[in-house]
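Visitor: One structure, pasted below without further comment.
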Amino acid sequence: MDNQDKISNENKNWYIVEIIEKCEPVKRNEEQELRRVKTWGNFHLIKAENSEKAYDKAVNIGKSGEYKFVNSDNLEMEWIFVGIADLIPIYDENIEDGCEVMFEDYGFISNKRTIKFAITKNELLEKIKRSKEI
């Protein structure tokens, strides 16, 4: 791999953070906790001296993404920062094509359940296509 295609992570100061945000009408019943809201988990790559600073940086990113708009039904809506769902340190020394950036330990589970995690290329491509349409 060409050195210009690598990002050094020698100091272990890169993190992946999941920022949760929701979209709902500005005029809403806050008391109704079971109301349906459009919810996104957005994954960001963050460089910080330590995990606490990475968290603070993530909160700032989340808050900066809040905004209001009028939808096609002429209803005033808003995107609201909800919080941080996950903060994962990247352990590889270099961030480059093909490097492992995060993992999930699913524990000791049945083979049947393990096999269900994998989906076909077509299913993945369709999922990407749908996400681009949003």
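Visitor: Quickly run through segment 14-33 and pick out the residues that are touching a strand residue (DSSP E or B) at 6+ places or on another chain (Cβ under 8 Å) and more than 15 Å from residue 69 (Cβ to Cβ).
Guide: Hits for segment 14-33 are 14, 15, 16, 17, 18, 19, 20.
Visitor: Taking the residues in segment 47-98 that are over 30 Å from residue 28 (Cα atoms) and of a type in the set (Lys, Arg) as candidates, determine which candidate is farthest from the chain's Cα centre (by Cα).
Guide: Only one residue fits best here, namely 53.
Visitor: Of the residues 104, 49, which single one is more than 23 Å from residue 131 (Cβ to Cβ), of a type outside the set (A, V, I, L, M, F, W, C) and out of contact with any Cys (no Cβ under 7 Å at 6 or more places or on another chain)?
Guide: Matching residue, one of 104, 49: 49.
Visitor: Moving on to the next point. Can you name every residue in segment 12-43 that is charged (D, E, K, R), surrounded by 11 or more Cβ atoms within 10 Å (Cβ to Cβ) and under 25 Å from residue 74 (Cα atoms)?
Guide: The answer is 21, 22, 24, 28, 35, 38.
Visitor: Here's something else I'd like to know. From the list 56, 73, which residue is under 23 Å from residue 7 (Cβ atoms) and not basic (Lys, Arg)?
Guide: 56
Visitor: Is at least one residue of segment 104-118 closer than 21 Å to residue 58 by Cα, of a type in the set (Phe, Trp, Tyr) and assigned to a loop (DSSP other than H, G, I, E, B)?
Guide: No, segment 104-118 contains no residue that is closer than 21 Å to residue 58 by Cα, of a type in the set (Phe, Trp, Tyr) and assigned to a loop (DSSP other than H, G, I, E, B).
Visitor: Please name all residue pairs, on different chains or six or more residues apart, with Cβ atoms under 9 Å, provided the first residue is in segment 88-107 and is on the phi > 0 side of the Ramachandran plot and the second residue is assigned to a loop (DSSP other than H, G, I, E, B) and not hydroxyl-bearing (Ser, Thr, Tyr).
Guide: Filtered contacts from segment 88-107: 98/1.
Visitor: Could you tell me whether segment 59-70 includes any residue that is within 20 Å of residue 102 (Cβ to Cβ) and of a type in the set (A, V, I, L, M)?
Guide: Checked against the condition, which is being within 20 Å of residue 102 (Cβ to Cβ) and of a type in the set (A, V, I, L, M), segment 59-70 yields at least one hit.
Visitor: When residues of segment 83-118 are filtered for being over 29 Å from residue 7 (Cβ atoms) and either surrounded by 10 or more Cβ atoms within 10 Å (Cβ to Cβ) or of a type outside the set (Ser, Thr, Tyr) (or both), how many remain?
Guide: Residues meeting the conditions: 9.
Visitor: Here is a further query. Mind listing whichever residues of segment 20-38 are free of Cβ contacts under 8 Å to residues at least 40 places away in the same chain and under 22 Å from residue 84 (Cα atoms)?
Guide: Selection gives 30, 33, 34, 35, 36, 37, 38.
Visitor: Also, I was wondering about something else. Kindly indicate the residue of segment 38-80 that is charged (D, E, K, R) and not in a strand (DSSP E or B) and also farthest from residue 13 (Cα to Cα) among those meeting that condition.
Guide: Restricting to residues being charged (D, E, K, R) and not in a strand (DSSP E or B), the top hit is 73.
None of the figures in this text is laboratory data; all of them are computed from the coordinates on show. If you're wondering where the values come from, they're calculated on a predicted model, not measured in any experiment. FYI the Cβ positions are ideal-geometry reconstructions off the backbone, even for glycines, and counts take in every protein chain you see.
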